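The values are calculated or read from the model by the stated rules, or taken from the named source; none is laboratory data. From a predicted model like this one, the values you see are computed outputs, not experimental measurements. Glycine gets a Cβ as well: all are built from the backbone with ideal geometry, and neighbour counts include every protein chain shown.
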């Protein structure tokens, strides 16, 4: 499938999510694993932060509470998500939202001090290309962070791929780390962040078989992968691609 078609498919699907109000529910679903990730990032007030796959902007607004003197930019492929994010973020002068895809970030090189993506990376048409673009817009000595719940090392989420209406990449932690290194990142590391949310006695949703599987999924935790752009770095030639 050509990348332009993939982008159109993603945009259409996430526009439907936005129109159905699913963007607003992301904060409730992901906050228990996002807060520990933000603590590890140790954001400073004067950072410039890019939120890739920002959805309705809940994470960008959360980051803006910590980054009060810098710039927070939320980017999403869905124009409806971006519209909702802008509407919900009025009055935050240091926060802005742009329409764009991770494989062609509409921003100058070496501007951002941090890049974060939550529950977005496995939807990217070409994760290797996306990481190279993130590498490009990062300043030297600064870091990128990806947090996802859908990854190969957690067997309790594998069924999601067949349920999602858009293509996904089910990669292991080591595969994500290899993509980071291939993009030029150094000090690449990954860890799990368990979700402490109490599990209901009965589960009736579509993503898990029962409450026991949901509990096991949360205990395995979300995957956090991060790396630093080294001083004097230039983007390497593309060598690793996920099809």
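Looking across segment 63-82, the residues that are crowded, with 16+ Cβ neighbours inside 10 Å and under 30 Å from residue 4 (Cα atoms) come down to 71, 72, 73, 74, 75, 76, 77, 78, 80, 81, 82. Checked against (1) more than 12 Å from residue 123 (Cβ to Cβ); (2) part of a helix (DSSP H, G or I); (3) out of contact with any helix residue (DSSP H, G or I) (no Cβ under 8 Å at 6 or more places or on another chain), residue 161 passes all but a single condition, namely (1).
Results for (1) in a helix (DSSP H, G or I); (2) over 15 Å from the mean Cα position of the chain (by Cα); (3) more than 26 Å from residue 45 (Cβ to Cβ); (4) touching a residue at least 40 places away in the same chain (Cβ under 8 Å), shown as yes or no for each residue.
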| site | (1), (2), (3), (4) |
| --- | --- |
| 131 | yes, no, yes, yes |
| 152 | no, yes, yes, no |
| 169 | no, no, yes, yes |
| 182 | yes, yes, yes, yes |
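Select from segment 38-81 the residues that are in a helix (DSSP H, G or I), over 15 Å from the mean Cα position of the chain (by Cα) and either in contact (Cβ under 8 Å) with a residue 40 or more places away in the chain or under 24 Å from residue 8 (Cα atoms) (or both) and list them in ascending order. Once the filter is applied, which keeps residues that are in a helix (DSSP H, G or I), over 15 Å from the mean Cα position of the chain (by Cα) and either in contact (Cβ under 8 Å) with a residue 40 or more places away in the chain or under 24 Å from residue 8 (Cα atoms) (or both), segment 38-81 yields 40, 79, 80. Among the candidates 26, 1, the residue that is farther than 24 Å from residue 115 by Cβ and either part of a loop (DSSP other than H, G, I, E, B) or modelled with pLDDT under 85 (or both) is uniquely 1. When the criteria are applied in full, residue 111 fails the requirement of being under 15 Å from the mean Cα position of the chain (by Cα) and either at pLDDT 95 or above or surrounded by fewer than 20 Cβ atoms within 10 Å (Cβ to Cβ) (or both). I'd like to check something: does segment 119-127 contain any residue that is farther than 22 Å from residue 14 by Cα and surrounded by 18 or more Cβ atoms within 10 Å (Cβ to Cβ)? No, segment 119-127 has no match at all. A single entry from 131, 99 fulfils the requirement of being at pLDDT 95 or above, under 22 Å from residue 13 (Cα atoms) and in contact with a helix residue (DSSP H, G or I) (Cβ under 8 Å, 6 or more places away or on another chain): 99. Evaluation of residue 238 against the conditions (1) outside any strand (DSSP E or B); (2) at pLDDT 95 or above shows that the sole unmet condition is (2). Would you check which residues across segment 42-61 are surrounded by fewer than 18 Cβ atoms within 10 Å (Cβ to Cβ) and either in contact with a helix residue (DSSP H, G or I) (Cβ under 9 Å, 6 or more places away or on another chain) or farther than 15 Å from residue 115 by Cα (or both) and list them? Hits for segment 42-61 are 44, 45.
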